1. Please indicate, with yes or no, whether at least one residue in the stretch 366-376 is assigned to a helix (DSSP H, G or I), under 18 Å from residue 291 (Cβ atoms), in contact (Cβ under 8 Å) with a residue 24 or more places away in the chain and in the same structural domain as residue 287 (by TED's automatic domain parsing).
2. Of all residues in the stretch 73-82, which are assigned to a strand (DSSP E or B) and surrounded by fewer than 19 Cβ atoms within 10 Å (Cβ to Cβ)?
3. State the number of residues belonging to the stretch 343-356 that are under 14 Å from residue 373 (Cα atoms) and surrounded by fewer than 15 Cβ atoms within 10 Å (Cβ to Cβ).
4. For the stretch 83-111, give me each residue that is in contact with a helix residue (DSSP H, G or I) (Cβ under 6 Å, 6 or more places away or on another chain) and outside any helix (DSSP H, G or I).
5. With buried (at least 23 other Cβ atoms within 10 Å of the Cβ) and either outside the structural domain of residue 61 (by TED's automatic domain parsing) or within 16 Å of residue 198 (Cα to Cα) (or both) as the only criterion, which of 115, 111 stands out?
6. Of all residues in the stretch 1-51, count the ones that are in contact (Cβ under 8 Å) with a residue 60 or more places away in the chain, closer than 22 Å to residue 93 by Cα, part of a strand (DSSP E or B) and more than 34 Å from the chain's Cα centre (by Cα).
7. Which residue pairs have Cβ atoms under 7 Å apart, sit 6 or more places apart or on different chains, and have a first residue in the stretch 76-93 that is more than 15 Å from residue 26 (Cβ to Cβ) and a second that is modelled with pLDDT under 75?
8. Regarding the stretch 52-72, can at least one residue be identified that is in contact with a helix residue (DSSP H, G or I) (Cβ under 7 Å, 6 or more places away or on another chain), surrounded by 19 or more Cβ atoms within 10 Å (Cβ to Cβ) and either in the same structural domain as residue 100 (by TED's automatic domain parsing) or in a strand (DSSP E or B) (or both)?
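The values are calculated or read from the model by the stated rules, or taken from the named source; none is laboratory data. These numbers come from a predicted model, not from an experiment. Here the Cβ positions follow ideal geometry from the backbone for every residue, glycine too, while neighbour counts run over all protein chains shown.
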């Protein structure tokens, strides 16, 4: 048997505490669920999350509705059935969600009125709201909608809650209407909006405080608008202003010069990065040439084995790329970075006689690392660089042995053919 809970939150949006009787309780998934004869806890709906707070000395973890019952989820076993309890909602969360919800009604209604764009998707949290529009809007239109929505806030109109018949709803609503005949709760904002909604909103538009668009994304079928309202909007704007003041100090400019100054610095950084890349490539080419000249020849292969100290992954990659440009060179590179040890073994892709896989596997096992690759390119990493030199040297010896075996087998084969 289900008990339809009395919804006190519709009677007085600003009531914070209440007393009620426990009708049922049960354990489910390690939590305890209770149903009360009446409650201030909103179970969520209309895009708005549920209320949180306390029942007795316990934190309410979740509230949801099922078959007319409003179920309160607690972590511990509550009082017995038929007992009286005292509940308190988290008023700060409730009020900020009411600000967000009414702000969403206002902004969505402005997009309908001014640009004929309906809201077809909604996500709401205490910090941010996103609405999906059934068409694309420009940055200029978004700015116009934000300004118009805040004009509605400044008017401080009272919000009307109506329960009209379906004929009147279909005649007055500018938004999609549920296909049902029972009473539907309507939220009316002056002459701007007349929309079906079960959620909670502040009593006046002025209590929304402000509506601030954060960003807009292009989705497959329209624009997604991210915005926030009320106290959270004030916090966000405050953060932006503080960041702006810090940037003005660091860049020694005025607020209206910030974008130009940042763009200029980005361009300068990009130019410096290009110059640095060119210098690093030249250094890598010079280092590669020097290493090849000094490297011993094993059979028909020049064996370049080298360990870079206090290096970076980028520096190792550049040197590896230069060394493997040349056919007939086997490359065994190790590097000690701030994160650990790096191994890069390989040769030119056109090389047919060099296969570094076995030597690499032995080396990566020596340093206790992970990695892999093919005959011409194998790479790995270990957070421990203490045995890196030993690992590279053991790989060198293995490749020397393999090259000698290859040369011997080739000689024997030629003699057999002759």
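1. No, the stretch 366-376 contains no residue that is assigned to a helix (DSSP H, G or I), under 18 Å from residue 291 (Cβ atoms), in contact (Cβ under 8 Å) with a residue 24 or more places away in the chain and in the same structural domain as residue 287 (by TED's automatic domain parsing).
2. Answer for the stretch 73-82, where residues must be assigned to a strand (DSSP E or B) and surrounded by fewer than 19 Cβ atoms within 10 Å (Cβ to Cβ): just 73.
3. Residues in the stretch 343-356 being under 14 Å from residue 373 (Cα atoms) and surrounded by fewer than 15 Cβ atoms within 10 Å (Cβ to Cβ): 1 in total.
4. Scanning the stretch 83-111 gives no hits.
5. Matching residue, one of 115, 111: 111.
6. Final tally of qualifying residues: 5.
7. Going by the 7 Å Cβ cut-off, the qualifying pairs are 85/79.
8. Checked against the condition, which is being in contact with a helix residue (DSSP H, G or I) (Cβ under 7 Å, 6 or more places away or on another chain), surrounded by 19 or more Cβ atoms within 10 Å (Cβ to Cβ) and either in the same structural domain as residue 100 (by TED's automatic domain parsing) or in a strand (DSSP E or B) (or both), the stretch 52-72 yields no hits at all.
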